[in-house]
1. Ranking Glu180, Glu117 by Cβ neighbours within 10 Å, fewest first, what do you get?
2. Could you give me the ³J(HN,Hα) list for the stretch 80-94, computed from phi with Karplus coefficients 6.51, -1.76, 1.60 and θ = phi - 60°, whole Hz, x at Gly and Pro?
3. Rounded to whole Å, give me the distance from the Cα center of the stretch 59-73 to that of the stretch 151-169.
4. Describe numerically, in nm with one decimal, the distance between label points set 7 Å from Cα along Cα→Cβ at Lys91 and at Lys152.
5. What order do you get for Met149, Met44 when you list them from fewest to most C-beta neighbours inside 10 Å?
6. Please order Trp87, Trp165 by the number of other Cβ within 10 Å, starting at the fewest.
7. Just to check I understand the Karplus step: with θ = phi - 60° and J = 6.51 cos²θ - 1.76 cosθ + 1.60, what whole-Hz values come out for the stretch 132-146, glycine and proline as x?
Amino acid sequence: MIEIFKHLWPLNIENFQWIFDHYGTAIYVILFLIIFIETGLVAMPFLPGDSLLFVAGIFARNGLLDFAALFFLLFLAAVLGDNCNYWIGRKLGLKVFNIKFKGKPIVKQEYLTKTEEFFGKYGTKAIIMARFVPFVRTFAPFAAGVGKMDYKKYFLFDVLGGALWIGSLTTAGYFLGGFEIIRKKIDLICIGIILISVLPIIIGYFKGKRK
């Protein structure tokens, strides 16, 4: 692991060449698993979905990944993950919040509360919009399952949201990956995407505190 980070830092396209030379197609599996786990396991909302998709698009632009294969695999991961999460909510419901690790709950009730408020504000469109909001995108399918949302309706919105999320961010990375400044400053780009992604959550938090 130390050897990998030594070769990757600083994060730029030239340094990533090393990991692709050594791990090849395994990179597709790793990307698939990260997206699936973030969207499919209600206890794992902190994985870097948005920034990962954008950077994967940069890799595709620079010949390290095949864009068509990348889009298909990540779209499949996002849809399968969400549907897994939906059925966890449907079958286990709020019992998930009783599961603890070292005396602490593995899932925080406050995240579900925020997601339910999100649903209350945007209705079924929340399934699509939640894709672009960290933490909410992990809890939205779970909340839909807990609320026993009609599965056909859920699946339709979920597939559409997944296509928009995967397509927009990987395509943005693909086109912007042609600029040298983007290729040289992947670390700063990732930080920027994360900050932009969590900004609505931060604003909502302070609004709630003010109220």
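We did not get these values from a lab; they are worked out from the coordinates using the rules stated. All figures in this text were calculated on a predicted structure; none of them were measured in a lab. As a convention, Cβ positions derive from the backbone with ideal geometry for all residues, glycine included, and neighbour counts pool all protein chains shown.
1. Numbers: Glu180 10, Glu117 14.
The most exposed by this proxy come first: Glu180, Glu117.
2. 3J(HN,Hα) across the stretch 80-94, in whole Hz: 5, x, 4, 5, 4, 5, 4, 6, 5, x, 5, 8, 9, x, 6.
3. Measuring centre to centre over Cα atoms gives 20 Å.
4. 2.3
5. Working: Met149 20, Met44 17.
Going from least to most buried by this count: Met44, Met149.
6. Working: Trp87 15, Trp165 24.
Placing the least packed residue first, the sequence is Trp87, Trp165.
7. 9, 10, x, 6, 4, 5, 7, 8, 4, x, 5, 4, 5, x, 4
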